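Chemist: Before I ask anything, here is the structure I am working with.
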Amino acid sequence: MDTENSTLNWFRNAAPYINDLRGRTLVVAIPGEGFEHENFRNLVHDLTLLISLGMRLVVVHGARAQVNRALESTGIQSRFYGNTRISDRDTLEIIKAAIGKLRFEIEAAFSQGLPDSPMARSALKVISGNFVTARPVGIIDGTDMGWTGKVRRMEVPAITRALDESSLVVLSPLGTSLTGELFSLNYLDLAAEAAKALKAEKLILFRDQPFLEIDGEAVYDLSINQAEEAAEAIDSETLNCALAACNAGTPRAHLLSYAEDGALLQELFSREGTGTMIYRDSYEVVRRARINDVGGILGLIRPLEKQGILVRRSREKLEAEIDHFTLVEVDGTTVACAALYPILDEQGDTIAAEIACVAIHPEFRGGGRGAKLLQHMERQAKALDLPEIFVLTTQTEHWFIEHGFTQVEVSDLPATRKSLYNIQRNSRVLRKRLTKQ
């Protein structure tokens, strides 16, 4: 029963993400190794599910593992300039054969529909073709790259028509030229160009590892600036591809593991995710609350109210006091909040402030968001030229002490606030002196 409830709750929580992505275009890049992994069957099911949920899907596939193996079997040596393959005439013939074989295998994988499988009754149409016009890379530092090419143009109207019909579009790393020649393409470059040309909402980049690691620590999300700094120390083709896409206008790029079952669904439809996300816009923001944020704030504070950590507030009271609240928003979801209430003297002048109703979603604790929120509260108080702020708490005094507050007596509260002190709650009183800006 617990498993059933967990599944129901997960699906319900996924609904807002599904609604946001319905009708949006997602470009998914999978390396050649991913198609040979035992989890590829599950990935096919998950990608098909996305289309069933109304998402527009373009799959870009690599084939380096297959090409290398085919070249080795024929005795042709693979040659690279950096990470780019040099394609002479003989190599190109092997590349064409390996990519063509893999493309048909991909189409077959997405065409299955056994009654007892997750793809039953999907009737998915897979569309591929000469959607990409290419040009030769040319000569780099004296090295003739042969029939290795770059994307020159994409047939966006043709791809869009296929997506409008709920078809899956498959792009292979080959491009035709205006002279009728065929060029080998880097599939990651092709994926970034596809995301740009199709104005994709997301670029999903599969690789063997789920997370980028910086100094041995897994990284869940990076802004463009942070990712560019990381790219100077990390040699990662997928990271470079994510940066290229985001710098070209794609809002999000996600690095996921093709070996992890359900990674795609978990990344797209839950807050915590299972990979590293590169984002170009304000993925996480701290801002003043608005009236339409009341529901999200209530969702944060109700569990803490039940535990007696926070004083219960009705929706009506919260709506009336919403101007006092500041919140942390991650990808459009409220994950933390706090309120700053003015403390007035008998003449009605503001002489201090009280921080109250501090709440952080359990999944987002430990990431420094509480400290960030507290800093914003303090800046607001300083902007009002207030000398001190107070906190009344029953269970979190040590956290506030760690952030510069000291415990004082109830008698140290301003008279107007002291008269409202709830003796039954017996809250600790903490104070922080504010320095002038």
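The values are calculated or read from the model by the stated rules, or taken from the named source; none is laboratory data. This structure is a prediction, so every number in the text was calculated from the model and none was measured. Here the Cβ positions follow ideal geometry from the backbone for every residue, glycine too, while neighbour counts run over all protein chains shown. When the accessible area is computed, the model is the full protein with side chains, heavy atoms only, and any ligands, DNA or RNA have been set aside. Shrake-Rupley method; radii C 1.70, N 1.55, O 1.52, S 1.80 Å.
Chemist: Can we say Val156 is among the aliphatic types (A, V, I, L, M) and either under 23 Å from Gly32 (Cα atoms) or free of Cβ contacts under 8 Å to residues at least 40 places away in the same chain (or both)?
Modeler: It is false that Val156 is among the aliphatic types (A, V, I, L, M) and either under 23 Å from Gly32 (Cα atoms) or free of Cβ contacts under 8 Å to residues at least 40 places away in the same chain (or both).
Chemist: I'm told Arg56 meets every condition in (1) open to solvent by 10 Å² or more (accessible area, probe 1.4 Å); (2) closer than 22 Å to Asp208 by Cβ except one. Can you identify the failing condition by its number?
Modeler: Of (1) open to solvent by 10 Å² or more (accessible area, probe 1.4 Å); (2) closer than 22 Å to Asp208 by Cβ, only one is false for Arg56: (2).
Chemist: I'd like to check something: does the stretch 302-324 contain any residue that is surrounded by 20 or more Cβ atoms within 10 Å (Cβ to Cβ) and of a type in the set (Gly, Ala, Ser)?
Modeler: no
Chemist: Here's a follow-up. Please determine whether any residue of the stretch 397-407 is crowded, with 18+ Cβ neighbours inside 10 Å, among the acidic types (Asp, Glu) and closer than 14 Å to Leu430 by Cβ.
Modeler: no
Listed here are the residues, each with its yes/no results for (1) surrounded by 15 or more Cβ atoms within 10 Å (Cβ to Cβ); (2) touching a Pro at 6+ places or on another chain (Cβ under 7 Å); (3) free of Cβ contacts under 8 Å to residues at least 24 places away in the same chain.
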position: Arg161; (1), (2), (3): no, no, yes
position: Glu165; (1), (2), (3): no, no, no
position: Ser172; (1), (2), (3): yes, no, no
position: Ser184; (1), (2), (3): yes, yes, no
position: Ala200; (1), (2), (3): yes, no, no
position: Glu217; (1), (2), (3): no, no, yes
position: Glu232; (1), (2), (3): no, no, yes
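Chemist: Failed condition for Gly142, given (1) under 27 Å from Glu33 (Cα atoms); (2) at pLDDT below 95, with all others met?
Modeler: Condition (1) is where Gly142 drops out.
Chemist: Name every residue in the stretch 126-154 that is within 32 Å of the chain's Cα centre (by Cα) and more than 17 Å from Glu181 (Cα to Cα), in order of residue number.
Modeler: Once the filter is applied, which keeps residues that are within 32 Å of the chain's Cα centre (by Cα) and more than 17 Å from Glu181 (Cα to Cα), the stretch 126-154 yields Val126, Ile127, Ser128.
Chemist: Right, here's the next one. Can you name the number of the only condition in (1) in contact with a Phe, Trp or Tyr (Cβ under 7 Å, 6 or more places away or on another chain); (2) at pLDDT 95 or above; (3) open to solvent by 20 Å² or more (accessible area, probe 1.4 Å) that Gln66 fails?
Modeler: Of everything listed in (1) in contact with a Phe, Trp or Tyr (Cβ under 7 Å, 6 or more places away or on another chain); (2) at pLDDT 95 or above; (3) open to solvent by 20 Å² or more (accessible area, probe 1.4 Å), Gln66 misses just condition (1).
Chemist: Of everything in the stretch 71-83 that's over 33 Å from the mean Cα position of the chain (by Cα) and closer than 21 Å to Glu237 by Cβ, which residue is least open to solvent (accessible area, probe 1.4 Å)?
Modeler: Once the filter is applied, the top-ranked residue is Leu71.
Chemist: Something else: Taking into account only those residues within the stretch 27-41 that are in contact with a strand residue (DSSP E or B) (Cβ under 9 Å, 6 or more places away or on another chain) and in a loop (DSSP other than H, G, I, E, B), which is farthest from Ala70 (Cα to Cα)?
Modeler: Asn39
Chemist: Checking Leu264 against (1) farther than 21 Å from Pro210 by Cβ; (2) modelled with pLDDT of 90 or more; (3) among the hydrophobic types (A, V, I, L, M, F, W, C), which single condition isn't satisfied?
Modeler: (1)
A quick yes/no check of all residues on (1) more than 30 Å from Ile99 (Cβ to Cβ); (2) open to solvent by 70 Å² or more (accessible area, probe 1.4 Å); (3) modelled with pLDDT of 85 or more:
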| site | (1), (2), (3) |
| --- | --- |
| Asp2 | yes, yes, no |
| Asn5 | yes, no, no |
| Ala14 | yes, no, no |
| Leu21 | no, no, yes |
| Leu26 | no, no, yes |
| Gly32 | no, no, yes |
| Glu36 | no, yes, yes |
| Val44 | no, no, yes |
| Ser52 | no, yes, yes |
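Chemist: Still on this structure, I have one more. Is the stretch 84-92 home to any residue that is open to solvent by 20 Å² or more (accessible area, probe 1.4 Å) and under 23 Å from Ser236 (Cα atoms)?
Modeler: Checked against the condition, which is being open to solvent by 20 Å² or more (accessible area, probe 1.4 Å) and under 23 Å from Ser236 (Cα atoms), the stretch 84-92 yields at least one hit.
Chemist: Further question: For Asp293, state whether it is open to solvent by less than 40 Å² (accessible area, probe 1.4 Å), at pLDDT 90 or above and either over 30 Å from Tyr258 (Cβ atoms) or not in a strand (DSSP E or B) (or both).
Modeler: Yes: the conditions hold for Asp293.
Chemist: Of everything in the stretch 145-159, what is open to solvent by less than 50 Å² (accessible area, probe 1.4 Å) and either within 30 Å of Ser52 (Cβ to Cβ) or acidic (Asp, Glu) (or both)? Give them in sequence order.
Modeler: Val151, Met154, Val156, Ala158, Ile159
Chemist: Could you please find all residues in the stretch 42-77 being free of Cβ contacts under 8 Å to residues at least 12 places away in the same chain, outside any helix (DSSP H, G or I) and closer than 25 Å to Gly142 by Cβ?
Modeler: Gln77
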